[in-house]
Structures are given as structure tokens and as C-alpha cells.
Amino acid sequence: TTTYLTGIQTSGMPHIGNYVGAIQPALTLADSGPDVESMYFLADYHSLNSTKDPQKLREDIRSVAATWLACGLDPTRTILYRQSGVPEVFELATILSTVTAKGLMNRAHAYKAARDRNAEAGSADLDAGVNMGLFNYPILMAADILVMETNYVPVGRDQAQHIEYAADIAGAFNHLYGENYGFPVPQGRYPEGEGSVLPGIDGRKMSKSYDNHIPIFLPENRLKKLVRRIPTDSTPVAEPKDPDSSVPFRLYEQFADADQVAAMRKRLEAGGTGWGEVKDALFETLNATFAGMRERYEQLVAADSELDDILADGAERARTRARATLARVRYAIGMD
Ligand code: TYM
């Protein structure tokens with residue numbers, strides 16, 4: 001059996017970068033054969049680093065669960081669960097922290113970025129604003145992955161370092177205890193090309209923390225307004241344009257059919273086509289892609305217990321698997 005696992009933080013409605021980077025590829029893998037086990041989860045404890053609002057967290061948990069289901073996850077085939085519903089994850093994180101070098105964590109991108117920001121701001125304390133949750137984040141993520149004995153992790157390219165760390169931590173554990181038990185060493189599965197890191201409306205990586213994202217299920221009128229607001233350069237309509245320098249075109253490329261994209265590229269390069277036309281086409285394509293899923297999403301979020309029931313069932317199935325791993329790990333370390 002091949003196990004695929006991935007998680008999404010519960011920090012607001014997922015955006016179209018999450019969709020092309022993780023959700024869509026993960027759902028394709030879940031359907032890719034008979035010997036496949038897929039485990040997709042809500043990384044609710046991870047989101048606690050940025051969210052301190054309990055009511056918003058409750059809503060975000062429902063939103064991310066509904067997104068997975070609306071996008072086509074079949075909960076009878078894929079185990080959909082909350083990280084917080086599987087406490088074995090946290091026990092494993094504690095064990096893993098004892099085989100992980102602090103220096104490895106010092107080099108983690110998110111932690112280093114926080115220190116760089118403090119340095120730039122001239123702060124005397126480079127760790128200002130950094131909590132231990134952020135610092136330990138890669139260890140908790142390794143536990144998410146290893147506790148399910150995952151083989152492949154479908155994620156966007158922005159998560160590559162986290163996946164390498166999980167593999168390193170598995171290697172460190174296996175080196176010490178491998179005679180008794182070893183984790184499968186996990187690998188990332190990244191989408192090809194641009195979708196691996198989708199740009200946000202300002203051209204940087206699409207991310208909630210940059211506030212440059214397009215939520216997947218924005219109502220139609222708000223989606224249209226947001227797409228119209230994407231900045232473009234001021235090349236006159238008549239002049240030839242470079243499609244690859246334009247965010248609307250790069251997003252269009254991800255969602256439209258290949259021949260539509262090729263035709264649009266030609267027209268832009270020839271001149272006579274303005275960015276407004278690309279934005280209209282982008283809006284139409286996004287709306288056509290997500291309208292059906294949006295309806296299902298809204299039903300799921302409004303429904304009373306459907307989401308809770310699915311998550312409770314998923315947690316139970318996920319725990320069965322996590323408990324088995326923990327029993328082997330405890331034996332391996334002499335804690336049985
Ligand atoms: P998160 O919640 O930031 O993002 C969820 C998934 O979406 C991908 N993604 C993108 N893909 C392409 N272009 C973008 N602009 C873009 N932005 C986000 C991410 O790569 C990710 O696959 N640390 C993870 C959550 C996590 C996890 C795990 C993932 C916790 N434990 C275990 C896999 C396995 C995160 O913050 O993703």
C-alpha cells in the first residue's frame with residue numbers, strides 16, 4: 001500500500017494556490033489506484049501560531065473541512081480528520097524532538113524569515129515575536145507525516161524544506177532505533193511548473209499572510225471585483241505584451257484549457273489585446289471551475305452535523321493507525 005498524506009492550516013477559507021498546489025493533486029492521487037491509502041487533514045494546531053480567536057478558529061475548521069469535501073474528497077475512501085483529533089501526533093512530536101538537532105530548526109525558513117524581519121527593523125532581539133510553536137513547527141509537521149507512516153506528501157513547492165526536515169528527522173530516528181523499528185522516509189510530491197507556487201495578486205507567492213490571495217469560494221460578484229483589482233502594467237492595448245510578466249495571465253494559465261491559453265498568449269504577443277480582456281477571461285474561467293463546488297461548500301458549511309460526523313469518523317480511523325505506529329515507536333525506544 002502507498003500512503004498519501006497532506007494537511008492544510010485552518011486559517012481562513014483556502015485559496016486557489018492551496019487548490020492547485022495541494023487539494024487538486026491530492027484528490028487525484030487519492031483516486032490513483034486500488035493500493036492507495038489517502039489521509040488528508042486539517043492542521044488546526046499548526047494554525048494556533050497565527051490564530052488566537054477561538055470563534056474564528058471554529059469557523060475556519062468548518063471551512064477547511066467543507067472545502068475538501070466540496071472539491072471532491074470522498075470520506076469513505078479518504079480519511080479526513082483534524083490533527084487535534086489524533087493526540088498520538090503530539091506524543092510523537094515530543095519523541096521526535098529528542099532526535100532533532102536545534103541547529104536544524106535554526107535554519108528553518110519561517111523562523112529565519114522572522115529573524116530577518118527583526119534585523120531589518122533594527123530590533124535588538126532577533127527572536128522578538130517568535131513563539132515556540134513557530135520554532136517547533138517543523139517537528140510537529142514531521143510527526144503529522146510520520147505517525148501515519150506516510151510515503152508521499154502532495155504539497156506546493158513552498159513546503160519542500162518541511163518535507164526534507166521530516167525525512168531528516170525520520171532518518172535520525174531510524175539511525176538510532178532502526179534495529180527495532182524504522183519509519184518509511186517520506187517524499188514530497190510537487191505539482192509541475194507554475195502551479196507549484198502560484199502567484200498572488202501582487203505577484204509574490206499567494207499567501208494569506210500577504211493578503212494577496214483569492215479565496216476559492218468567494219461569491220461570484222466579489223470574485224469579479226477582486227480579479228478586476230489585480231494590478232497590471234500600463235502597456236497600451238495596441239502594443240505587444242509579455243504574458244509571463246502578468247499575474248492575470250499566469251493565473252489564467254493554471255485554470256484554462258491549454259488551447260485557450262495558447263490562443264490568449266498569441267493575441268497578447270501580437271498586440272491589440274488589453275489586460276482587461278485577460279482579467280475577464282480569468283474571472284469566467286475561475287467562476288466556471290468553482291461554481292458547482294461553491295454551491296456544495298455553502299450547503300456543507302450551513303448543514304448542522306454533517307461535517308462533525310465526517311471528522312469524528314475520520315479521527316477514529318486515523319487514530320487506529322496512529323496508535324499502531326506509536327506502539328511500535330514506544331517499543332523501539334524502550335518505553336513499552
Ligand atoms: P498551508 O496551509 O500554508 O497550505 C496548504 C497547502 O497549499 C500549498 N500552497 C500553495 N501551493 C501553490 N502555490 C501557493 N501560492 C501556495 N500556498 C500554499 C502548500 O504548499 C500546502 O501544500 N505546513 C503546511 C500544513 C501542514 C502539512 C503537514 C502539510 C502541516 N502539517 C503535513 C503536509 C503534511 C502549511 O502551512 O500549508
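The values are calculated or read from the model by the stated rules, or taken from the named source; none is laboratory data. Just so it is clear, the model here is predicted, and its values are computed rather than measured. Here the Cβ positions follow ideal geometry from the backbone for every residue, glycine too, while neighbour counts run over all protein chains shown.
Pairing residues of the stretch 199-225 that are free of Cβ contacts under 8 Å to residues at least 12 places away in the same chain with residues that are exposed (fewer than 13 other Cβ atoms within 10 Å of the Cβ) and part of a loop (DSSP other than H, G, I, E, B), at Cβ distances under 7 Å and at least 6 apart in sequence or on separate chains, gives 210/204.
Hey, could you check the stretch 65-86 for residues that are part of a loop (DSSP other than H, G, I, E, B) and in contact (Cβ under 8 Å) with a residue 40 or more places away in the chain and say which is nearest to residue 127 (Cα to Cα)? Break it down stepwise before answering.
Kept after step one, since they are part of a loop (DSSP other than H, G, I, E, B), are these residues of the stretch 65-86: 71-77, 86.
Adding the requirement that they be in contact (Cβ under 8 Å) with a residue 40 or more places away in the chain leaves 71-75, 77, 86.
On the way: 71: 39, 72: 41, 73: 40, 74: 43, 75: 41, 77: 43, 86: 31 Å.
So, considering only residues that are part of a loop (DSSP other than H, G, I, E, B) and in contact (Cβ under 8 Å) with a residue 40 or more places away in the chain, the one nearest to residue 127 (Cα to Cα) is 86.
In the stretch 255-268, is there at least one residue being of a type outside the set (A, V, I, L, M), farther than 22 Å from residue 291 by Cα and surrounded by 12 or more Cβ atoms within 10 Å (Cβ to Cβ)? Yes, because at least one residue in the stretch 255-268 is of a type outside the set (A, V, I, L, M), farther than 22 Å from residue 291 by Cα and surrounded by 12 or more Cβ atoms within 10 Å (Cβ to Cβ). Looking only at the stretch 33-60, which residues are under 14 Å from residue 311 (Cβ atoms) and within 13 Å of the ligand (Cβ to nearest atom)? Hits for the stretch 33-60 are 39, 40, 41, 42, 43, 44, 60. Being in the same structural domain as residue 139 (by TED's automatic domain parsing) and more than 9 Å from the ligand (Cβ to nearest atom) holds for only one residue in 108, 26, and it is 108. Considering 238, 281, 288, 263, the condition of being of a type in the set (A, V, I, L, M) and at pLDDT below 95 is satisfied by 238 alone. Count of the stretch 135-149 residues, restricted to those that are assigned to a helix (DSSP H, G or I) and either of a type in the set (D, E, K, R) or touching a residue at least 40 places away in the same chain (Cβ under 8 Å) (or both), is 10.
Listed here are the residues, each with its yes/no results for (1) in the same structural domain as residue 95 (by TED's automatic domain parsing); (2) in a loop (DSSP other than H, G, I, E, B); (3) surrounded by fewer than 20 Cβ atoms within 10 Å (Cβ to Cβ).
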| residue | (1), (2), (3) |
| --- | --- |
| 166 | yes, no, no |
| 174 | yes, no, yes |
| 181 | yes, yes, yes |
| 212 | no, yes, yes |
| 222 | no, no, yes |
| 250 | no, no, yes |
